[in-house]
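> Handing you a structure now.
The values are calculated or read from the model by the stated rules, or taken from the named source; none is laboratory data. What you see is a predicted model, and the numbers here were worked out from it, not measured in a lab. We place every Cβ from the backbone using ideal geometry, glycine too, and count neighbours over all the protein chains shown. Just so you know, the surface numbers come from the protein's heavy atoms only, side chains and all, with ligands and any DNA or RNA stripped out. Shrake-Rupley method; radii C 1.70, N 1.55, O 1.52, S 1.80 Å.
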Amino acid sequence: MGDGKTVPQAALEAMGVLHVQLGDMIEVGGGPKGPRVIVDVLSIDLQSDKIKASLATNDAADWLTVADDGKIGCLDVRFTLKTDDDAFIYVEYQGRGDMATGLIATAPTFQTGSDKYSWLNSVQAIAAGNVNLETGELVYNLYEVKVTV
């Protein structure tokens, strides 16, 4: 445990690139959290030095809410990846998106029972993304947050 006096620092270590293909968008309408849009995720491809994986199931989606002025999207995303060696990794993240520019910042976490990929269970990641809403193409650069004193 830390001494409570030293202020930790954070550094980012590149984890890989996530390519996402978005599908249909269902506009649910307004509600207590703002207008809701459910965005279907058709495919995901994660490539890095440590892991190669793709979408494992067809239940991936973003339960997006949009600010009343339409400028900011609040992401709420969940999906399961299957690695090239048949391990499963559950991923979830929240984040913010600029609806005008398509730029997105998220904070993914991971869960897996795989011994090989168990290191992911302790990772807090961030992702910097860019979405093209016309084509549905979304690309994230993933980074692991390394906290040190």
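> Quick check: anything in region 32-39 open to solvent by 40 Å² or more (accessible area, probe 1.4 Å) and without any contact (Cβ under 8 Å) to a residue 24 or more places away in the chain?
Yes, that holds for at least one residue.
> Got a number for residues in region 89-100 being surrounded by 16 or more Cβ atoms within 10 Å (Cβ to Cβ) and assigned to a loop (DSSP other than H, G, I, E, B)?
1
> Within region 101-147, track down each residue that is of a type in the set (A, V, I, L, M, F, W, C) and part of a helix (DSSP H, G or I).
Within region 101-147, Trp119, Leu120 meet the criteria.
> Going through Leu55, Leu12 one at a time, which residue ends up being hydrophobic (A, V, I, L, M, F, W, C) and open to solvent by less than 50 Å² (accessible area, probe 1.4 Å)? Before the answer, list the steps.
Details: Leu12 fails: open to solvent by less than 50 Å² (accessible area, probe 1.4 Å).
Exactly one of Leu55, Leu12 is hydrophobic (A, V, I, L, M, F, W, C) and open to solvent by less than 50 Å² (accessible area, probe 1.4 Å), namely Leu55.
> Now a separate question. From the list Asp68, Asp115, Asp85, Asp62, which one is open to solvent by less than 40 Å² (accessible area, probe 1.4 Å) and among the acidic types (Asp, Glu)?
Asp62
> Which pairs turn up if I take residues in region 1-20 that are under 17 Å from Leu55 (Cα atoms) and look for partners that are of a type in the set (D, E, K, R) and assigned to a strand (DSSP E or B) with beta carbon separation below 6 Å, at least 6 apart in sequence or on another chain?
What qualifies is His19/Asp45.
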